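The values are calculated or read from the model by the stated rules, or taken from the named source; none is laboratory data. This one's a predicted model, so the numbers in the text were calculated from it and none came from an experiment. Methodologically, a virtual Cβ is constructed for each residue, glycine included, from the backbone with ideal geometry; neighbour enumeration extends over all protein chains shown.
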Amino acid sequence: MSDKIQQSGTVTEIMDEQTFGTFTKREFVIEDTSGKFPKSYLFQCTKDNIAKIAELTVGQQVTVHFDIYCSNKNSTGRYFTNLSAWRIEAGEQGAAPVAATNGAEPDDLDVLPF
């Protein structure tokens with residue numbers, strides 16, 4: 001098995017930094033639409049890697065290199081899996097979403113059909 005895991009996609013959400021005692025993390029989500037169905041991935045950055053998220057913008061294409069960690073965080077016996085990003089390669093800024101017009105001219109969009 002390769003120790004190099006990466007995923008490419010479009011940044012869809014960037015969360016605020018969270019602190020729990022001495023532990024600080026920041027999370028972001030990317031979406032991969034290359035397959036038949038879109039897939040979303042939640043990544044977290046900790047320590048020095050948190051600064052890498054400040055350079056991201058929603059809509060930006062990125063490739064995230066990450067490690068997978070699993071731990072038992074509490075006494076319930078539940079296991080939690082984290083995708084811990086350690087390198088983020090920025091791609092092109094995504095184009096702004098275009099509203100569906102169904103072939104109508106911009107002036108026609110102001111007229112409601114009912």
Taking region 32-53 and keeping residues under 15 Å from R87 (Cβ atoms) and without any contact (Cβ under 8 Å) to a residue 40 or more places away in the chain leaves T46, K47, D48, N49, I50, A51, K52, I53
| field | Condition check for L83: part of a loop (DSSP other than H, G, I, E, B), of a type in the set (A, V, I, L, M, F, W, C) and at pLDDT 90 or above | value | no
Just one listed residue, out of G35, G91, G77, is part of a loop (DSSP other than H, G, I, E, B), under 14 Å from S8 (Cβ atoms) and not acidic (D, E), and it is G35
By residue number, the members of region 1-26 that are small (G, A, S) and surrounded by 12 or more Cβ atoms within 10 Å (Cβ to Cβ) are S8, G9
Per the filter on region 46-64, residues in contact with a Phe, Trp or Tyr (Cβ under 6 Å, 6 or more places away or on another chain) and assigned to a strand (DSSP E or B) are V64
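Does D67 satisfy being surrounded by fewer than 16 Cβ atoms within 10 Å (Cβ to Cβ), within 18 Å of the chain's Cα centre (by Cα) and part of a loop (DSSP other than H, G, I, E, B)?
no
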Note on region 46-64: residues surrounded by 15 or more Cβ atoms within 10 Å (Cβ to Cβ) and at pLDDT 95 or above are Q60, Q61, V62, V64
Restricting region 27-42 to residues that are of a type in the set (F, W, Y) and surrounded by 12 or more Cβ atoms within 10 Å (Cβ to Cβ), the one nearest to the chain's Cα centre (by Cα) turns out to be F28
